[in-house]
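Enquirer: Below: one structure in structure tokens.
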Ligand SMILES: Cc1cc2nc3c(=O)[nH]c(=O)nc-3n(C[C@H](O)[C@H](O)[C@H](O)COP(=O)(O)O)c2cc1C
Ligand code: SF4
């Protein structure tokens, strides 16, 4: 996990009764988890009491007006998913996804560790909204697991009981965070994706209609239940409301997790973390993401709409800035090898295709190798592989490879001529530890 | 056109390739021998053959149903020239 940067604690006022510019990370930013009393002092009493007045129909309407979308990477509208899960039968269940298996990400772990009650508020809201019969929360590891367990007992002691929350440690493999893999893991199987249909909203954990939401999504939802859709929309853009947690790593003086309003110009987003001015290539959206150039980002809003012209999305807010003098082709190759090794080894195009992609990229990354025809081959394989896994894991690598070929064309030419601009040591986090599948 | 679509379960499929032999109009093999299925509706004159291909798959990985795969259709339009 990336070290959590000590963000300067800002004083804020609370317009319309809700927190100000910082929402999830408002208040003291020390390592200690926020206790139940502090949480209630800051935000108000148990969220369950609000839910009793609101009822599911109106809650979904509020979520729709708020325009909340998933913060786990896909950006799917939460209201649509709530409606979908409600339409597939009565015995519904809810899963909070805090797996955070991307090595360069640490925002979910941070939230679970310092603001456990904000996540649990959101979990309580969705559980009440869909009338969940069972609720699970997947944590990335310790101390998040212990923190959540203690937070749950704090809540229970106050008697605002709702379905018992099953807390489960993620298996930590990369694809283990994918929702059907999470569901299989909860059902006692291996943490590997399964084929769809059926979609989780139809048939998921325990064979029930299952709502899976990222833990950051839930934390936003808890605040929406308290302060309303209009308050939520005071941050962000009309089309993409609210704030988002970003994890900045690489050539920043102050790497770490930051909360920023969607739509904020990226140069301002980065300035708080003090990027090295010589660094220019940034991997936007994590290891499934796309390369963008810092020089192009002045005034570009951090949003799906803002990044679309660059073929990128904010994803789960993971951004890695390549240090100056690091070869992007070599770095992309390291990620590709790692992602290839993270295949769940189930689908032909993933099992066979990803090593082929990584192998071809290793040729482009090596200035002494013959590069003839390799780019054409990579494009052909990307087109063949995309969309053909049970999950989107292969599509993630396809996206990274396409972006790498497009973005590092001058480095490619350098390599073709037998030279390389690189030399600096990489800082892209790639854990070597392979956890054992169950 | 019939109103049927062909799907493959990528986890069950082990790449026997029988289907591509029986139904080359709808199924091509990728560079590793795994089937790329056309996301278009099955033409009426291929209905019987599609049923036979489905039944012949040793891994039982082929499925026929009435729901198109919208995502596959979009990707096919985008990627087809490269395949
Ligand atoms: C390979 C892969 C890994 C994923 N890992 C995570 C993860 O660690 N955490 C997460 O919340 N979502 C992850 N997702 C996305 C989930 O499948 C799912 O869309 C998400 O948890 C839904 O929550 P949201 O709509 O609130 O974002 C992953 C998806 C893929 C394809
Ligand atoms: S596409 Fe790859 S990671 Fe996803 S289920 Fe198939 S083998 Fe596993």
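What follows draws every value from the coordinates through simple rules; no lab data is involved. Predicted model, so just to flag it, every value in this text is computed and none were measured. Note: ideal-geometry Cβ built from the backbone for every residue, glycine included; neighbour counts use all protein chains shown.
Enquirer: In nanometres, what is the gap between the two model label sites at residue A:38 and residue A:142, each 7 Å from Cα along Cα-to-Cβ?
Expert: 2.2 nm
Enquirer: Here is a further query. Where the centre of each part is set by its Cα atoms, how far does the stretch A:382-417 sit from the stretch A:234-255, in angstrom?
Expert: Computed from Cα coordinates, the inter-centre distance equals 25 Å.
Enquirer: Here's something else I'd like to know. Please report, for the Cα atoms of the stretch A:315-408, the Rg to one decimal and the Dmax as a whole number; what are they, in angstrom?
Expert: So, for the stretch A:315-408, Rg and Dmax equal 13.0, 38 Å respectively.
Enquirer: When the convex hull of the C-alpha atoms of the stretch A:246-370 is computed, what volume per residue in Å³ does it have?
Expert: Details: hull volume 15.3 nm³, N = 125.
That works out to 123 Å³ per residue.
Enquirer: Per the Kirkwood treatment, what hydrodynamic radius in Å, one decimal, follows for chain B from the mean inverse distance over all distinct Cα pairs?
Expert: Working: mean 1/r = 0.0781 Å⁻¹.
By the Kirkwood definition, the hydrodynamic radius is 12.8 Å.
Enquirer: Within 10 Å of each Cβ in peptide B:33-40, how many partner chain Cβ atoms are there on average? Round it to a whole number, please. Provide the component values of the computation, followed by the final result.
Expert: Details: counts 2, 10, 3, 6, 1, 0, 1, 0.
Average per residue, whole number: 3.
Enquirer: Next up: So how do B:16, A:220, A:39 line up by other beta-carbon neighbours within 10 Å, fewest first?
Expert: Values: B:16 16, A:220 28, A:39 23.
The fewest-first ordering by Cβ neighbours comes to B:16, A:39, A:220.
Enquirer: Let me ask something additional. What average number of partner chain Cβ atoms lie no more than 10 Å from the Cβ of the residues making up B:19-32?
Expert: Per residue, the number of nearby Cβ atoms from other chains is 2 on average.
Enquirer: Another question, then. For chain A, set up a GNM with springs between Cα atoms under 10 Å and report which of A:327, A:420, A:40 has the largest fluctuation.
Expert: It is A:40.
Enquirer: How compact and how long is the stretch A:16-232, expressed as Rg and Dmax of its alpha-carbon atoms in Å?
Expert: 15.9, 46
Enquirer: Moving on. For the stretch A:145-195, count all C-alpha to C-alpha pairs, find those more than 18 Å apart, and express that count as a whole percent of the total.
Expert: Details: 574 of 1275 pairs.
Of all Cα-Cα distances in the stretch A:145-195, 45 percent exceed 18 Å.
Enquirer: Rounded, prolate or oblate for the stretch A:185-271? Axes are the square roots of the Cα gyration tensor eigenvalues, ordered a ≥ b ≥ c, and the cut-off for rounded is a/c under 1.5. Intermediate results must be reported in sequence, preceding the final value.
Expert: Numbers: a/c = 2.85, a/b = 1.58, b/c = 1.80.
Taking the square roots of the gyration eigenvalues as a ≥ b ≥ c, the stretch A:185-271 is oblate.
Enquirer: On to the next question. Work out the mean other chain Cβ neighbour count within 10 Å for the residues of B:8-15 and drop it here as an integer.
Expert: Mean partner-chain Cβ count within 10 Å for B:8-15: 6.
Enquirer: Test of understanding: in a Gaussian network model of chain A with alpha carbons linked when under 10 Å, which of A:244, A:268, A:425 would top the mean-square fluctuation ranking?
Expert: Between A:244, A:268, A:425, it is A:425 that shows the largest mean-square fluctuation.
Enquirer: Rounded to the nearest 5, what is the percent of antiparallel bridges among the DSSP beta bridges in chain A? Don't skip to the answer; put the middle values down first.
Expert: Numbers: 17 of 36 bridges.
Counting only bridges with both partners in chain A, antiparallel ones make up about 45 percent.
Enquirer: Right, here's the next one. State the Cα centre-to-centre distance between the stretch A:99-117 and the stretch A:136-177 in whole Å.
Expert: About 12 Å separates the Cα centre of the stretch A:99-117 from the one of the stretch A:136-177.
Enquirer: Another one. Distance between the C-alpha centers of the stretch A:34-49 and the stretch A:208-231? Whole Å please.
Expert: 16 Å
Enquirer: Here is a further query. How big is the stretch A:52-93 along each principal axis, measuring the range of its Cα positions in Å and listing the largest first?
Expert: For the stretch A:52-93, the Cα extents along the three principal axes come out at 28, 22, 13 Å.
Enquirer: I would also like to ask the following. Would you mind estimating how fast chain A diffuses translationally, via Stokes-Einstein at 37 °C and 0.692 mPa s with the Kirkwood radius over Cα pairs, in µm²/s? Spell out each step's value before the answer.
Expert: Numbers: Rh = 22.3 Å.
Calculated translational D: 147 µm²/s.
Enquirer: For the peptides B:68-78, A:274-284, what is the packing order when you average, over each peptide's residues, the other Cβ atoms within 10 Å and list the highest mean first?
Expert: Details: B:68-78: 14.4, A:274-284: 19.0.
Order by mean packing, descending: A:274-284, B:68-78.
Enquirer: Using a 10 angstrom cutoff on alpha carbons, build the Gaussian network for chain A and name the most mobile of A:272, A:63, A:212.
Expert: Result for chain A, Cα springs under 10 Å: A:272 fluctuates most.
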